[in-house]
Structures are given as C-alpha cells and as structure tokens.
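The values are calculated or read from the model by the stated rules, or taken from the named source; none is laboratory data. Quick caveat: nothing in here was measured; it's all calculated off a predicted structure. A quick note on method: Cβ atoms are made from the backbone with ideal geometry, for glycine too, and the neighbour counts reach across all protein chains shown. When the accessible area is computed, the model is the full protein with side chains, heavy atoms only, and any ligands, DNA or RNA have been set aside. Shrake-Rupley method; radii C 1.70, N 1.55, O 1.52, S 1.80 Å.
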Amino acid sequence: MLKLPGLIDPHVHVREPGQTHKEDWDTATQAALAGGITMILAMPNTKPPIFDASTLELAFAAAKQKARCDYAQFIGAGPDNAAMAASLADKAAGLKMYLDSTFGELRLDDMALWMPHFEKYPKDFPIVLHSESRTMAAGILFAAIYDRPVHIAHISLKEEVLLIKAARERGIKVTCEVCPHHLFLSKEDIPAISHGHPGRSEVRPRLATKEDVDALWENMDVIDCFATDHAPHTLEEKDSDNPPPGFPGLETILPLLLTAVSESRLAIPDLIEKMYTNPRKIFNLPEPGETWIEVDENAEYEIKTANQFTRCGWTPFEGWKVKGKVRKVVLRGTTAFENGKILVEQGYGKDIRSLKGDL
Ligand code: NCD
Ligand code: ZN
C-alpha cells in the first residue's frame, strides 16, 4: 500500500448554485474523496456566477451544508467588480479571470477590463487565468507589468509550455497547471471518445495535437500542478445539438497518473509535488493535520461510469485499463472513504479560508 498526502485539486466546477442536475457540493466532494482528493478549489462560473459578497454567500451556504471534503471558492472577475472582488480576497481561493471562450457568462475580452483586477487584487493571492495561446502571452505580460503572480489554468499547447518556461527564466511570476485529458488524450482520440456523438469530445481548451501532448510530457518540470478541470455536464447535454464543453475528472486523475508511474513516465515525488506541495504554495493553503490517502499501486481495473460518484453519468476514459486504486482516505483524523464507500457526512468538509492557521 502506498501512502500519499491528501491530494489538492485547484480546478473543480461544482455547479452549485444553479446547475445541480449536473453536480452539486455533495456529489462533487464525494467524487473528490473517491479520487483521493481531500481539498478542492471551486470555480465561479455557476448560475449565478460568484462575483460579489452575496453570490459568494450562496456558494458558501451550499458548501457548508453539503461538502464532504475541504474546499475554497474562487471569485470571478467581471467587467466592474474589481474593488468588490479585492475586498473579498481573504475569503476566496483566488480570482478567476476568463479571458477566452468558455462555458458560462464570465468573459473579459477588452484588456482595459483586466487592468483594475491586476491593480487591485492582493498580491498574496493568485489570479488564475483561463487564457489560451496568444491570450496567455498577454496574461503573462500583465503579470510582468503589474509585477504579481498569475497562475495559468489548464495549459495544453507546446507554445504555451515553452513560453511559460521562458517567462519564468526571466523572473516573471507565472505558474501553471495541466489536466489529465491534455496529457492522456489528443485530437486523434476524438473518434474513440465520441461514440458517434461529437459533443462528447468537446472541452476547453480543445484536445490538442500529439506534438502538443508530447511537449507537455517533455516539459514536465515546467508544470507546477495537475488539476482536473472537473467540468461535469450530463450525457444528455453532451449528446445534444448544442453540447457544452467539459469533462468530469475527479475520479480518474489519480489512476491515470499512477498508471503513468507504473510505466515509468512519471515519478511519485513529481506526483506529490504537483498535487500537494505546489498547490499549497501557489494558493496559500493550510496544512491539513492527520490527512492522507492509501493507494494500491498494483490494482488493475477498468474505468467505468457505473462506479463513479459524479452525477454527470459519463467519463471520456470509459473502458480504459488503469493500474492504481484509492483504498482509503483519511481527512483530519477521520476515515472519509474506504473500499469504495464514502464514510463522512455532508457538511464534514471545511472552508479552508474561514480558518486561521492550519487545519
Ligand atoms: C468548463 C465548464 O464546463 O465549466 N468547461 C471546459 O470545457 N473546461 C469551463 C472552463 O473551465 O472554461
Ligand atoms: Zn474549468
């Protein structure tokens, strides 16, 4: 049995408030625990989006009642909420800025709207950018101009990882995360994921070329974090005429990465660094006491929708043979998951920003 720290996922779409038919604070945090993740950072593109004190309270009320693992909630950057968002910084996971096409209403195209956020948001909390390709380059320039850290969400392209490397060599404060689907899938896998329904392979950023995927693996040392971008939509929605982009990922990230470990493509210390040490540093997260997971490295099995806790009812990795299974999760001294069963109640999870000091 391999013992690892409780893992941290800095990019999760919980869907509550507003779209609980896809997921809610209960099912998302059950999926997290089953996946070996004990802390999630929740994205603000809910309905309504989380962008001020009252919408933040909506998310907190649902999370307080239902969450089974620990969490923090991002605030979304809108066209005129820079001062408000900054005033809420110590309650939030960080500020999320949507600068490229995505799911939901939060998107800032005009760079003049980025400026007040970069001016006002406290520098000891990160600004997370959804920014692809040249938009990412603009985001990194903002980090340099305003001399503050930015974290680039879900990088997927060779040009992105190379530019981040170059920026960091020049002292610009930029960190990044990569998602399993951009490490294990490329455009070439689209027919296999689709099963005749093109919407199933829709995700932002889109699946990239084999060359991009290879570049991410080759530059693993540039990647600070692994994040799921768990973006659940129901199978019915994915198979509709207007399919929303996004893949679920909380329950598949660790088995996929452990399979890469078993193939010597990744080492356990890298996994710990990118799913625990670095997210704690970048997002300023407390040390959870008496929290760990136990994993059977040799368990081989097939990924199956039927075994998942997420409400969305599908996975792009259906039928994949993986090696490495979460057997037990201990969260703050209590066994939260063991042998396929969730053992903590709704409401056990804590808002880590509401606590002073370590958990
Ligand atoms: C995300 C979603 O569904 O909320 N979709 C996605 O394809 N990643 C939105 C996002 O993360 O941009
Ligand atoms: Zn996302």
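Inverting the mean 1/r over all pairs of different Cα atoms, compute the Kirkwood radius of segment 90-159 and quote it in Å. With all distinct Cα pairs of segment 90-159 included, I get 12.4 Å.
Relative contact order of segment 51-132: 30 percent, from C-alpha pairs under 8 Å at least 6 residues apart in sequence. Ranking Asn81, Gln19, Pro286 by Cα position along the charge dipole of the chain, where only Lys, Arg, Asp and Glu carry charges on their C-beta atoms, puts Pro286 farthest toward the positive end. Each Lys or Arg adds one and each Asp or Glu subtracts one; over the other residues with Cβ under 14 Å from the Cβ of Gly36, this totals -1. Let me check I've understood the local charge: for Ala227, count other residues with C-beta under 13 angstrom from its C-beta, Lys and Arg +1, Asp and Glu -1. What total comes out? Overall, the nearby charge balance is -2.
The calculated Kirkwood hydrodynamic radius for the chain is 20.1 Å, given to one decimal from all distinct C-alpha pairs. A simple spin-label model places pseudo-atoms 7 Å from Cα toward Cβ; at Arg327 and Trp217 they are separated by 2.9 nm. How much of the pair distance distribution for segment 163-257 lies past 16 Å, counting alpha-carbon pairs only, in percent? Value for segment 163-257: 60 percent of Cα pairs lie more than 16 Å apart. The Cα atoms of segment 1-93 cover 51, 27, 20 Å along the three principal axes, with the biggest extent listed first. Available extension along the chain between Trp292 and Ile272 is 6.0 nm, counting 0.36 nm per residue and deducting the alpha carbon span. Across all directions, the average projected area of the convex hull around the alpha carbons of segment 214-358 is 10.6 nm². Across the alpha-carbon atoms of segment 201-294, the computed radius of gyration and Dmax are 15.8, 47 angstrom. Across segment 225-359, C-alpha contacts under 8 Å between residues 6 or more apart give a mean separation that, scaled by the residue count, equals a relative contact order of 25 percent. Solvent-accessible surface of protein heavy atoms, probed at 1.4 angstrom with all chains present, puts Lys341, Lys66, Lys274 in the order Lys341, Lys66, Lys274, largest first. Other residues whose C-beta falls under 12 angstrom from the C-beta of Ala138 contribute a net charge of -3, scoring Lys and Arg +1 and Asp and Glu -1. Note on surface exposure: Glu318, Glu345 rank Glu345, Glu318 by accessible area, highest first, 1.4 Å probe. As a quick test, which of the pairs Lys96/Lys187; Lys91/Lys281; Lys274/Lys325 have an alpha carbon distance above 24 angstrom in this structure? Exceeds cut-off: Lys96/Lys187.
Structural descriptor for the chain: relative contact order 22 percent, calculated from alpha carbon pairs under 8 angstrom and at least 6 residues apart.
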